[in-house]
Amino acid sequence: MSDLSNQIRKIIFEKYNDPDTRFTNDEVFAVLQQNNLVDKSLIIDDMEPHFENLCSSGMMRNIAQNFTTQWFKLFEPLEEKKCSSCGMQNFLSKSEESNCLYCQKPI
Ligand SMILES: [Zn+2]
C-alpha cells in the first residue's frame, strides 16, 4: 500500500475516528492539501485508488456518491499501532490483519 493511503488513514484517525461519523473524500483531500502532503498538480480523481484501497481492506465503506464526492463510514475505530520491526506508526481497524503497512511484518 502506498504512503499516501497511510497518510489518509492518519487523517481519518485524527479527525473522523468514529463509526457514526460520515466523512468525504473532499474533506480528506483538503487536509492533505493544507498539510502539503500531496503534489499541487493532483486532483480529487487521483485520490480514488487510495480510497478504493481503504474500502477493499475492510476498514471503511462507501455509503454515498454525488459526482466526484464520496461519503464514507468506518466499520470500527482505527487504532494506532507502532510496528516493532520498522518503528512506523500504523492506523489499523480491528477487523484488519495486524501486518505493518510499511514493512508487511506482523506488528
Ligand atoms: Zn513495519
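Readers should treat all values here as calculations from the given coordinates under stated rules, not as data from a laboratory. Nothing here was measured: the structure is a model prediction, and the numbers come from that model. No Cβ is skipped: glycine too gets one built from the backbone with ideal geometry, and neighbour counts run over all protein chains shown.
Just a few scattered comments:
- Full extension of the chain segment joining residue 68 with residue 52 gains 4.4 nm, where the gain is 0.36 nm per residue of separation less the Cα-Cα distance.
- Counted charge near residue 96, where neighbours are those whose Cβ lies closer than 11 Å (Asp, Glu -1; Lys, Arg +1): 0
- Angle between the chain longest axis and helix 3-15 axis [Cα atoms, degrees, rounded to 10]: 80
- Per-residue 3J(HN,Hα) values for region 53-59, derived from phi via the Karplus relation 6.51 cos²θ - 1.76 cosθ + 1.60 with θ = phi - 60°, read 3, 5, 6, 6, 6, x, 8 Hz in sequence order (x marks Gly and Pro).
- Distance violations [Cα-Cα > 18 Å] among 10/73; 15/40; 15/73: 15/40
- Long-range amide H partners of residue 90 with built H, under 5 Å: 81, 82, 83
- Near the amide H of residue 70, within less than 5 Å, lie the amide hydrogens of 25, 26, all on another chain or at least 5 residues away, with H placed in the peptide plane.
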